């Protein structure tokens, strides 16, 4: 498997604007698996996953790495094309409408999943179906530091339930949280804004050491906003991340060294100029 792969085609970008496909890429990144093994890992029927694996392979984001014959059946093992899959920033700058369409697709999947569960609960006489659903809407007033603390507490509460424990009554639950300011402040400091560069992405995006070095050498600081999976190469120093990144926002999963994660935690909510 390559260390890093950069998405250059809009077709590839569309392919990963899907919550299930992001889960598939993440799971196969841990170890090569067949569609059947992947279904067991994700708790889904292989038939449901097969199409998505085939599409990710078709656009070059998954690859067949091994075949084995077992009981007269040919088993096919898949892995992502690279440990880190990033997006060519030109794809986003070329078409803002395309980026918004992919974000809408991801959010629609969350809404559709909730509505489907609601319809099933309404049609069922089993009270546990309704008990498994929650919709929380709140207007909160807090500082940036309080918001970071709340997110950390939510992550801490959910962490023990992130893996199957094979206990009685256990079932898969989807948990999503969106936090955002209802009003976006206007840009008031044009000179400071000119020294930053917005990097907005949906899907899987990665940064290597050279990306941050280039930004620093150009006198720019990155404002990173990602919905999906964000990866930072292991050789990125915390000091470089601190110097090159002005703000960091993520709805999804972060993969980075512990030191870089600490830097990014401090950067959350520091963007004064919008994305």
Open item on the list: Against the definition (farther than 20 Å from residue 175 by Cα, surrounded by fewer than 16 Cβ atoms within 10 Å (Cβ to Cβ) and at pLDDT 70 or above), how does residue 82 come out, yes or no?
Closed with: no
Open item on the list: Just the residues that are over 19 Å from the mean Cα position of the chain (by Cα) and touching a residue at least 40 places away in the same chain (Cβ under 8 Å), please, taken from the range 32-57.
Closed with: 32, 33, 34, 35, 43
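Residues that are closer than 23 Å to residue 87 by Cβ and modelled with pLDDT of 90 or more: find the helices (runs of 4 or more DSSP H) completely inside the range 2-54 holding 3 or more of those. Don't jump to the end; show me each part of the working.
Values: elements: 10-15, 19-30, 35-42.
Those helices (runs of 4 or more DSSP H) span 19-30.
Tell me, yes or no, whether the range 135-143 has at least one residue that is crowded, with 16+ Cβ neighbours inside 10 Å, out of contact with any strand residue (DSSP E or B) (no Cβ under 8 Å at 6 or more places or on another chain) and at pLDDT 70 or above.
Within the range 135-143, the subset crowded, with 16+ Cβ neighbours inside 10 Å is none.
No, the range 135-143 contains no residue that is crowded, with 16+ Cβ neighbours inside 10 Å, out of contact with any strand residue (DSSP E or B) (no Cβ under 8 Å at 6 or more places or on another chain) and at pLDDT 70 or above.
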Open item on the list: Can you tell me which of (1) farther than 17 Å from residue 268 by Cβ; (2) surrounded by 12 or more Cβ atoms within 10 Å (Cβ to Cβ); (3) modelled with pLDDT of 80 or more is the one residue 121 doesn't meet?
Closed with: (3)
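The values are calculated or read from the model by the stated rules, or taken from the named source; none is laboratory data. Just so it is clear, the structure is predicted and the values come from calculations on it, not from any experiment. Don't worry about glycine lacking a Cβ; one is built from the backbone with ideal geometry, like all the others, and counts go over all protein chains shown.
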